[in-house]
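The values are calculated or read from the model by the stated rules, or taken from the named source; none is laboratory data. Note that the structure is a prediction, hence the values are computed from the model and not measured. Cβ: placed from backbone, ideal geometry, glycine included. Neighbour counts: every protein chain shown. Surface accessibility is based on the protein's heavy atoms, side chains included, excluding ligands, DNA and RNA. Shrake-Rupley method; radii C 1.70, N 1.55, O 1.52, S 1.80 Å.
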Amino acid sequence: MSVSKFLKKIFDLFRKQKIGGCAGGQKVRVIGVAMVKNEADIIELFIKINSRFFHEIHILDHRSSDQTATIVKALQSSGYPVKYVQLENSSGDYKQAETTTAYVQQVARDVDCDYIMPIDADEFPYFKSHQKIEVVLSAAMRDCGYCLIPWVTYCPINDNYFSSNAPLYENFRARNTEPAQYYKVILTRSFARTVELCKGNHNISEAGQYRAKKIRAILQHVPARSAAQITSKAIIGSTVAGLDENRKKGEMAHWDEMAEKILSKGMQLSHADVLDIALNYAKPQYAKRSPRISILCPYPRIGTPDDAITLKNLCTVDAQKNIGDFKRAIDKTERQA
């Protein structure tokens, strides 16, 4: 073997061993793909915390009207492994499954990686410190091109999100049970080249053909963080769901339920209201609110005490502006149709 070929082999080996995160010192490259809209209050922490897990994070911005883009680009300039993509779709139609599927397939073709994970801006993969992620993932996907990581929803214990030093670490605890257990997918690169994702990235459209394994890790999920944030999220989410011509009966019903609750309160939510929404988030349609659902402290917290928001002047949420901008986008699309 020539010296040049030997050096190339060593370099390629080193490149393949590059650490993409911190848990267990894993030596795999996991690419995160997140489609986002108006996530200024959490996007900084999403990138900072998840950059310990992901080798690279691709942000697909669906026309955010807040400071999401500014924050992402600032972190990008600071050296975080982030790629920012402004989606061209100008309508209010989110089309998350189709858009994320197309982009994941593109990443699988063009980016040198081992795994790809479609993820939302309010989600944080958590593996125990002793777990070697490359071992967990390779074992789970030995017979199948993807695996499932379970959602664990975290709830706010106070309404001090914007005044806390480390908002996610200090202010959120896991609920003791999931009204319905949801999962998110992690894909091998080869499998991702042809995959079709379901809405919310909860599974793949051909799931019936496979027996995907559920890994022993959790996906920390923080859907309700403040009154303004959940108001904006729910009203826009319900409107988007209503625009879906292929929506099945009962599908995305939790968006409508949240929006109705918020509107009944005159869009003025107390901390108790936000907590109630978090405790009952994504429960099955027609299921009663259960007194058994409560906050469970023993679950691991999100991030560390040092995970602070440094761009606080950019992270505030103006629910009325977000909703107004979104409705104007819809009106413009309808006029052009």
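Odds and ends about this structure:
- Within the stretch 108-132, backbone nitrogen closer than 16 Å to the virtual label 7 Å beyond the Cα of Leu311 toward Cβ: 121-122
- Estimated inter-spin distance, Ile330 and Gln181, nm [label 7 Å along Cα→Cβ]: 3.6
- Neighbour count of at most 11 Cβ within 10 Å plus DSSP loop: longest trypsin sites (Lys or Arg not before Pro)-free window in the chain: 19-141
- Nearest-0.05 FRET efficiency for Gln131 and Glu245, computed from C-beta distance (R0 45 Å): 0.60
- Amide H within-cut-off set for Val82, under 5 Å, with H built and near neighbours excluded: Ile57
- For Glu196, distant residues with modelled amide H under 5 Å away: Ser205, Glu206
- Near Thr177, the amide H atoms lying under 5 Å from its own belong to Ser294; only residues 5 or more places off or on other chains count, and H is placed 1.01 Å from N.
- Axial C-alpha extent at least 15 Å, average Kyte-Doolittle at least 0.5 - helices from the chain (DSSP): 227-243
- Distance from the alpha carbon centroid of the stretch 163-211 to that of the stretch 234-286 works out to 19 angstrom.
- Local electrostatic count, Gln229, Cβ distance below 10 Å [Lys/Arg +1, Asp/Glu -1]: -1
- In the chain, helices alone account for a calculated mean residue ellipticity at 222 nm of -11000 deg cm²/dmol, with every DSSP H run of four or more residues adding -39,500 (n - 2.57).
- The modelled label-to-label distance for the pair Ser294/Ala102, using points 7 Å beyond Cα in the direction of Cβ, is 4.8 nm.
- Per residue, the solvent-accessible area of the stretch 238-278 (1.4 Å probe, heavy atoms of protein chains only, all protein chains present) comes to 58 Å².
- Sequence of Val317, Val185 from largest to smallest accessible area, 1.4 Å probe: Val317, Val185
- Among Gln220, Gln181, Gln105, residue whose mean-square fluctuation peaks in a GNM of the chain (springs only between Cα atoms under 10 Å): Gln181
- Here each label is just a point 7 Å from Cα along the line to Cβ, and for Gln285 and Lys214 those points are 2.3 nm apart.
- Estimated vicinal HN-Hα couplings, Hz - the stretch 187-197 in sequence order (Karplus 6.51, -1.76, 1.60; Gly, Pro = x): 10, 6, 4, 5, 5, 5, 5, 10, 6, 10, 7
- When the solvent-accessible area of the stretch 282-337 is split by element, carbon and sulfur atoms take up 54 percent of it, the probe being 1.4 Å.
- Over 26 Å apart at the Cα level, from the set Lys288/Lys327; Lys83/Lys327; Lys73/Lys265; Lys73/Lys95; Lys265/Lys321; Lys128/Lys233, are Lys288/Lys327; Lys83/Lys327; Lys73/Lys265; Lys128/Lys233.
- Within the chain, longest stretch free of exposed GluC sites (Glu not before Pro) [DSSP loop, at most 14 other beta carbons within 10 Å]: 89-195
- Apportionment of accessible area to carbon and sulfur, the stretch 61-120, percent (1.4 Å): 42
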